[in-house]
1. Looking at the stretch 183-212, which of its residues are among the polar types (S, T, N, Q) and at pLDDT 95 or above?
2. Kindly indicate which of Ala215, Ala234, Ala228, Ala241 is touching a residue at least 60 places away in the same chain (Cβ under 8 Å), touching a Phe, Trp or Tyr at 6+ places or on another chain (Cβ under 8 Å), closer than 24 Å to Lys184 by Cβ and of a type outside the set (Asp, Glu).
3. I'd like the full set of residues that are hydroxyl-bearing (Ser, Thr, Tyr), part of a helix (DSSP H, G or I) and over 16 Å from the mean Cα position of the chain (by Cα), limited to the stretch 40-69.
4. Quick one: which residue in Trp149, Trp124 is of a type in the set (A, V, I, L, M, F, W, C), part of a loop (DSSP other than H, G, I, E, B) and within 22 Å of the chain's Cα centre (by Cα)?
5. Test Pro87 against the criterion of being at pLDDT 95 or above and farther than 30 Å from Asp187 by Cα, and give yes or no.
6. Taking the stretch 273-294 as the region of interest, how many residues are surrounded by fewer than 17 Cβ atoms within 10 Å (Cβ to Cβ) and either on the phi > 0 side of the Ramachandran plot or not in a helix (DSSP H, G or I) (or both)?
7. Checking Tyr316 against (1) over 18 Å from Ile144 (Cα atoms); (2) within 17 Å of the chain's Cα centre (by Cα); (3) not aliphatic (A, V, I, L, M), which single condition isn't satisfied?
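The values are calculated or read from the model by the stated rules, or taken from the named source; none is laboratory data. Remember, predicted model here, so these are calculated numbers, not experimental data. Positions of Cβ are generated from backbone atoms using ideal geometry, with glycine treated the same way; all protein chains shown enter the neighbour counts.
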Amino acid sequence: MTPLNLFYKEPDPDRWFKFDRYPRRIIRRIWRGKERPGGVMLIAISLMKGLDRLGIAYRFNDFSYIKKHPAEIACIIGKPQVLFNRPWKNPVIFGAGVYSHPIECPDLLTRYPHVKRFLVPGEWMRKMCAPYYGDKVLAWPAGIDTLSWCPSPLVEKEFDFLIYDKKIWASQLNDHELLDIITKTLDEKQLKYQLICYGSYTEAELKSKLANSKAVIFLSVHETQGQAYQQILATNTPILAWNRGGYWQDPAYYPHRVKYQPVSSVPYWDERCGLQFTAADEFSAQLALFLEQRELFAPRQYILDNLTLEKSAAMYCAIVEQLKKEMEHE
């Protein structure tokens, strides 16, 4: 296989005067320290790690090379300005870290006919985008590093549950009392728990709390892929997941711009991962069933079978190879 041409850049425009992005970048580094990669950047990093493990070569952000080879496929992982701000002549695989909904660029395939694939993180998002981009949309999940996310050697665990709280827009959903109901139920059953909140923890903290927890209660309105809960599964920790379904609730879109349903909080899942509940009044019954079955779940095996770095990278390469075959017959 010929080397892939991968591209990923964070937007960093001038703000107050021409070229001020350069001193601002230096000041940010001094003030905040080394920048931690965000979720979209982690998609690019995960893909490259998977390719490394498979021994597949790639170039990263080699704009000079791709400009000289307009027939080669450009794999633009993110973000949108990488496509929009350059005069691309190459066939393009665009995504999975671009924008949240095609309403941001409904005429993408008209304005940029060289975009041959539009990748999104999961199946419900693919269905949401399909009316705009048709069969050009494919679901492609980033891989989970199963060497980094692995079972804890700790045998005796202090906590029955780690509650992972990511109810970002729960105030809009009348679910703001959900956590109170869950903790009250756990207290009544004398089950010990600890809490971790999305956006305010480090990877080391999550691993430490997982190592001392028998299971996880995962609370999220919806996930396009859900790498955090998949990292949890990779540690062989089963999950009792709140999966309310319903509409995509991103306040930037819903309900004034986009109304799409159904969505999922656990878009990659089977019976090995754990159990789900859709509403607070189901929690107690599902908790009892979960506790009965906890030793029967095999969450890490689900990840090993479906979502490793290697499997994700191989899936990406298959998308590239399929596009090459189509181009040969054009």
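1. Those that are among the polar types (S, T, N, Q) and at pLDDT 95 or above: Thr183, Thr185, Gln190, Gln194, Ser208, Asn212.
2. Going through Ala215, Ala234, Ala228, Ala241 in turn, the sole match is Ala215.
3. If the condition is that a residue be hydroxyl-bearing (Ser, Thr, Tyr), part of a helix (DSSP H, G or I) and over 16 Å from the mean Cα position of the chain (by Cα), then Ser64, Tyr65 are the ones that fit.
4. Trp149
5. no
6. 2
7. (1)
Quick grid of which residues meet (1) modelled with pLDDT under 95; (2) of a type in the set (Ser, Thr, Tyr):
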position	(1), (2)
Pro37	yes, no
Ile43	yes, no
Lys49	no, no
Asp52	no, no
Gly55	no, no
Tyr58	no, yes
Ile66	no, no
His69	no, no
